[in-house]
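Report on the following structure.
We did not get these values from a lab; they are worked out from the coordinates using the rules stated. Since the structure is predicted, the reported quantities are computational estimates derived from the model, not experimental observations. Cβ atoms come from the backbone with ideal geometry, glycine included; neighbour counts cover every protein chain shown.
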Amino acid sequence: MTDGWDGILDAGEVILWQGRPDAGLVLGAANIVSGAFGLFFAGFALFWMVMAAQGGGFFWMFGLLHFGVGLSIALGPIFGGAFIRRRTWYTLTDKRAFVAIDLPVKGKSLDSYPINDNTTITFEEAGLSTIHFAKGRRYRGFKKRIGPIGFERIPDGRAVYRMIRDVQKEQPDA
């Protein structure tokens, strides 16, 4: 499991777990609100384009930008999150947690977060569990926002949470 980790892991650092988030679509309350607003926005732009097209000429094309923005507001949070999760990898070592993301335009990023006795860990257990261990800038949809960072939507959450707690006990305050 250490292929490709040369120069990244500290001497003696051992990989305990590697995984990926579930890449399925997630429909939550926030997605419904933004989806409704986006569809209203796109619908109004479509109405405007139809009305402008009746006047002749190409003036109706100015509505295309607004129509596209409305669709991206409506569909971006739903499909954007799944797209990013599909391109995300997680690694836990005996010292740190890593989150790697490979996005087409942005490229590859690898962030590491130390796990020690001062690390606040939250565990949300469900069919697909989420474990947060840091706060910082991270992707939500296609935007980077301040929020919790961790291993999200993983199937083996309880076992990974136990490993993180064991690492936390072994690491002194940093």
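For this structure, a couple of remarks:
- Rough spin-label spacing in nm, given labels placed 7 Å along Cα→Cβ, for Ser109 and Arg86: 2.0 nm
- Backbone geometry of segment 118-135 corresponds, through the Karplus equation with coefficients 6.51, -1.76 and 1.60 at θ = phi - 60°, to 3J(HN,Hα) couplings of 8, 6, 7, 10, 10, 10, 10, 8, 7, x, 10, 8, 10, 10, 9, 9, 7, 10 Hz, x marking Gly and Pro.
- Val14-Phe79 FRET efficiency (beta carbon distance; Förster radius 41 Å; 0.05 resolution): 0.65
- Between Met61 and Asp117, residue separation times 0.36 nm minus the direct Cα-Cα distance comes to 14.3 nm.
- Cleavage-rule hits, chymotrypsin sites (Phe, Trp or Tyr not before Pro), segment 1-65, DSSP coil, Cβ neighbours within 10 Å at most 14: Trp5, Phe58
- The structure shown yields Rg and Dmax of the Cα atoms in Å, and of the options (i) 22.5, 74; (ii) 21.2, 73; (iii) 19.8, 65 that calculated value carries the label (ii).
- Counting lysine pairs in segment 19-174 that sit 8 or more residues apart in sequence, or on different chains, and whose Cα atoms lie under 15 Å apart gives 5.
- Highest mean first, the peptides 71-79, 111-119 sorted by other C-beta atoms within 10 Å per residue fall in the order 71-79, 111-119.
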